[in-house]
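Beneath this line is the structure, given in C-alpha cells, with notes to follow.
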Amino acid sequence: MTKIAKVTSRITAVLTLSFIAVISFATIFREKEKFSVTENRVLTDFPVLSAKGLLDGSDIEQLGNYITDHLAERSKWISAKTVMQTELSEQIVNGVYVSGARLLDADTSLRTPAPFNAVVLNSYSEYYNGTVYFTTIPSSSGIYADVLPKNANARSEKQQISSFYELLSGDIKKIDAYNILKMLNENYIFYRNDTKWTSYGAYCVYKTVIQKLGFKPISYDKYNIEHITDKFRGNLYTRTLSEKTKADTIDIFKCRDGASVVSFKKTTDSGCTDVSDLYDRSKLDSSDMYSVFLGDPAPFIVINTSVKNGKKILVVKDSYANCFIPFLTQHYSEIAVLSPEDMNGTLSDYVNINDYSQTLFMFGIENLVNSKELEKITERN
C-alpha cells in the first residue's frame with residue numbers, strides 16, 4: 001500500500017469513527033421524545049431490565065428498538081433511505097409504492113373483508129326496525145391499482161367488495177362507491193399521501209348515497225370550498241417519510257345559505273361534551289391533520305341541525321366517513337354517529353337504534369379486514 005493510500009485510509013477511518021461517535025453522543029444525550037410527529041406513533045420506552053427479560057431476549061429486543069427509535073435525526077435517516085431505495089428502482093418501501101404522482105399501499109392482504117362482518121350486519125338488519133344501507137369505500141390503491149406492480153394486485157378491490165356484498169342480506173341496501181370513484185379517478189378524489197378519499201371524493205359518493213336515502217343532493221355550485229391546508233401528509237407518508245410526492249390539500253365544504261349545526265355533542269367514557277364546530281382546526285398543528293373532521297375520536301356523537309323535517313339517521317362508521325358526515329347536515333334534523341372502533345361498552349350503552357328510521361354503515365375496505373370492531377354492535381338493545 002502506498003503512503004498516500006495509507007494516509008487516505010487513516011483519514012477515512014478517523015472520519016468514520018468521529019461520525020459514529022457524534023451520532024452516538026447525540027443519541028445518548030439528546031432529550032428523548034415520547035411520540036414521533038412525522039411517523040405518527042408512540043416511540044419505544046427504555047426497557048425495565050429483568051432476569052427473565054434478559055434470558056428470553058425480550059429486554060434486548062426492546063433495547064434495540066429503543067435505540068433505533070431514538071437515533072439522532074432518525075426521520076432524516078429514514079427519508080434518506082427511502083430516497084436511496086427509490087433511486088435504485090426499489091419502488092416499494094415498507095409496503096408502500098413510492099412514485100412522484102402518489103404513494104399507494106402495495107399490500108393487498110390488508111384489503112380482504114372478513115366474512116364475519118357480513119354476519120354481524122345481517123344480524124343487525126334482522127332486529128332493526130328501520131332500513132339498513134351499506135357502502136364500502138375503496139382505498140386509493142384500489143382506485144389506482146393499475147399503477148401498482150402486477151404482483152401487488154392479485155385481486156382487485158372491486159372483486160373484494162362485490163364478494164362481500166354478496167354475503168349481505170337482501171334487506172340491506174348496498175350502495176356502490178367503487179365505480180363512482182373509479183370513473184372519476186383523474187380528479188382529486190384521493191389524497192396522494194394517504195389511503196383515504198378527499199372531501200371532493202366524499203362529495204361525489206354523497207350525491208349517490210343521499211338519493212338512495214331519499215333526498216335530492218345539494219349541487220356542487222352551492223358550496224363554498226375552503227382550502228384549510230396544503231401541507232397534509234397522511235398514513236402512507238408516515239410509513240416512508242418520502243417527500244417525493246407533493247403534500248396534500250384538505251378542503252372543507254360549506255353550503256351557502258344552507259342548514260346550520262345547532263348542537264354537536266360527543267359521548268366518551270368520561271361523559272357528554274358539547275363541541276362548538278364539526279371541524280377542529282387545532283388538528284392542523286398535529287400529526288393527524290385528517291382529524292380536523294369531527295375532531296378527537298369518540299364512540300358516539302349526536303349532531304342536531306336547523307333542518308325542520310324531523311328526519312333522523314344513525315351512521316355507523318370508521319374514519320373514512322368523517323369527511324362525509326358534514327354533507328348529511330343539509331338533509332337531517334339529527335345525525336347520530338357510532339364509531340365501533342372507539343366503543344368500550346356495548347351498543348345499547350350508547351344508543352337505541354330504533355330511535356332512527358335509517359342506519360347507514362360506511363367503512364373503508366381496509367377497516368373491514370378485522371371483525372373485532374363491528375362485532376361490538378351485535379348485542380341487541
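One residue alone among Thr229, Thr245 is modelled with pLDDT of 95 or more and not acidic (Asp, Glu), and that residue is Thr229.
Phe116 passes every criterion in (1) touching a Phe, Trp or Tyr at 6+ places or on another chain (Cβ under 6 Å); (2) surrounded by fewer than 17 Cβ atoms within 10 Å (Cβ to Cβ) apart from (1).
From the list Asn309, Asn322, the one residue that fits, being assigned by TED's automatic domain parsing to the domain that holds Glu126 and touching a strand residue (DSSP E or B) at 6+ places or on another chain (Cβ under 8 Å), is Asn322. Here is the figure for segment 351-368: residues that are in a loop (DSSP other than H, G, I, E, B) and surrounded by fewer than 16 Cβ atoms within 10 Å (Cβ to Cβ) total 2.
Of the residues examined, Phe134 is not one that is among the hydrophobic types (A, V, I, L, M, F, W, C), outside any loop (DSSP other than H, G, I, E, B), modelled with pLDDT of 90 or more and out of contact with any helix residue (DSSP H, G or I) (no Cβ under 7 Å at 6 or more places or on another chain).
Out of Asn235, Asn185, Asn193, one residue alone is in a loop (DSSP other than H, G, I, E, B) and in contact with a strand residue (DSSP E or B) (Cβ under 6 Å, 6 or more places away or on another chain). It is Asn193. Picking from residues in segment 266-301 that are closer than 23 Å to Asp251 by Cα and β-branched (Val, Ile, Thr), the one that is surrounded by the most Cβ atoms within 10 Å (Cβ to Cβ) is Ile301. Taking the conditions exactly as written (of a type in the set (Val, Ile, Thr), touching a helix residue (DSSP H, G or I) at 6+ places or on another chain (Cβ under 6 Å) and part of a helix (DSSP H, G or I)), does Val209 satisfy them or not? Against the criterion (of a type in the set (Val, Ile, Thr), touching a helix residue (DSSP H, G or I) at 6+ places or on another chain (Cβ under 6 Å) and part of a helix (DSSP H, G or I)), Val209 does not qualify. Under 7 Å between Cβ atoms, at least 6 apart or on separate chains: pull out the pairs that start in segment 211-234 with a residue that is within 17 Å of Tyr191 (Cα to Cα) and end on any residue that is surrounded by 10 or more Cβ atoms within 10 Å (Cβ to Cβ) and of a type in the set (Gly, Ala, Ser). Going by the 7 Å Cβ cut-off, the qualifying pairs are Asp230/Ala247; Lys231/Ala247; Phe232/Ala247; Arg233/Ala247. When Asn224 is tested against (1) within 20 Å of Asp105 (Cβ to Cβ); (2) in contact with a Lys or Arg (Cβ under 7 Å, 6 or more places away or on another chain), exactly one condition is not met: (1). None of Ile218, Ile189, Ile210 is assigned by TED's automatic domain parsing to the domain that holds Ser291 and under 22 Å from the mean Cα position of the chain (by Cα) except Ile189.
Condition check ((1) crowded, with 22+ Cβ neighbours inside 10 Å; (2) modelled with pLDDT of 95 or more; (3) out of contact with any Asp or Glu (no Cβ under 6 Å at 6 or more places or on another chain)) across all residues:
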position	(1), (2), (3)
Pro326	yes, yes, yes
Glu334	no, yes, yes
Asp342	no, no, yes
Asp349	no, no, yes
Ser371	no, no, yes
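The values are calculated or read from the model by the stated rules, or taken from the named source; none is laboratory data. Keep in mind that what you see is a predicted model, and the values were worked out from it rather than measured. Using ideal geometry, Cβ is built from the backbone for each residue, glycine included, and neighbour counts are taken over all protein chains shown.
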